[in-house]
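Throughout, read-outs are computed from the coordinates displayed, never taken from laboratory work. Computed from a predicted structure; not experimentally measured. Virtual Cβ from ideal backbone geometry, glycine too; neighbours counted across all protein chains shown.
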Amino acid sequence: MAFLYLKVMKPKDPNDRHLAGQLLVAMPNMADPRFARSVVFLCAHSPEGAMGLIVNRLVENVSFADIASQVGIDPDEIVAEVPVHFGGPVEPARGFVLHSADYTTASSLAVDEQFALTATVDMLKLVARGEGPKHCILALGYAGWAPGQLDAEIQANGWIVVPADPELVFVADNPSKWTRALRKIGIEPSLLSTHMGHA
């Protein structure tokens, strides 16, 4: 299990955030089964590429206590149970804490005024003790895109971009996140599925 300092693509211009801080919602015709009906929080997006975390799919048979023990956290320290998400297919042994921006460290990537991302054991220890940020999820692995790849997938109708909000990202009701994300922008998922592929 690796909790390392973040090496994600930060825009050279802080104002050039592109789609960072937005949600990518997979369209019903998503060809890659790893992303079917997924909701991805986009942590970074620049001409150099993009990086995000799937926020509506849990890792099966792995608990927060399991992760904590692997990085040397005393089980007696754990006062909070944090959901462990499948963040994406890239580097599945690497851990990331996506959290509210009310608490950050020098190692955190401030995505926007509401969200931050930290990938250090120190943050995991704070979360385990019920300290640190008010809201968070733990993700193993991430989704990554090469330069221009995500833009092409969006143009090909693989993803819909939806504004992110803490309730949608952090509330534990993962099965409904895909539907709620689409309804947030006025799309009824059943109609979307029915009319896909029709002129």
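Take each peptide in 181-191, 70-80, 137-147, count the other Cβ atoms within 10 Å of every residue, and average; sorted highest first, the result is 137-147, 181-191, 70-80.
Between SER69 and LYS134, the contour length at 0.36 nm per residue exceeds the alpha carbon distance by 21.2 nm. Per-residue Karplus couplings for region 120-134, computed as 6.51 cos²θ - 1.76 cosθ + 1.60 with θ equal to phi - 60°, are listed in order as 10, 5, 4, 5, 5, 5, 4, 4, 4, 7, x, 10, x, x, 5 Hz, Gly and Pro entered as x. The calculated 222 nm mean residue ellipticity attributable to helices in the chain amounts to -5500 deg cm²/dmol, summing -39500 (n - 2.57) over DSSP H runs of n ≥ 4 and dividing by all residues. Site pair LEU192 and ASP173 shows an inter-label distance of 1.7 nm when each label is modelled 7 Å from Cα along Cα→Cβ. For region 22-195, the average shadow cast by the Cα convex hull is 10.1 nm², which is a quarter of the hull's surface. Across region 52-110, counting alpha-carbon atoms alone, Rg and Dmax equal 12.5, 32 Å.
Pairs of Cα atoms nearer than 8 Å and 6+ residues apart set the relative contact order; for the chain it is 27 percent. Packing order of peptides 38-50, 98-110, 162-174, highest average first: 38-50, 98-110, 162-174 (average count of other Cβ atoms within 10 Å over each peptide's residues).
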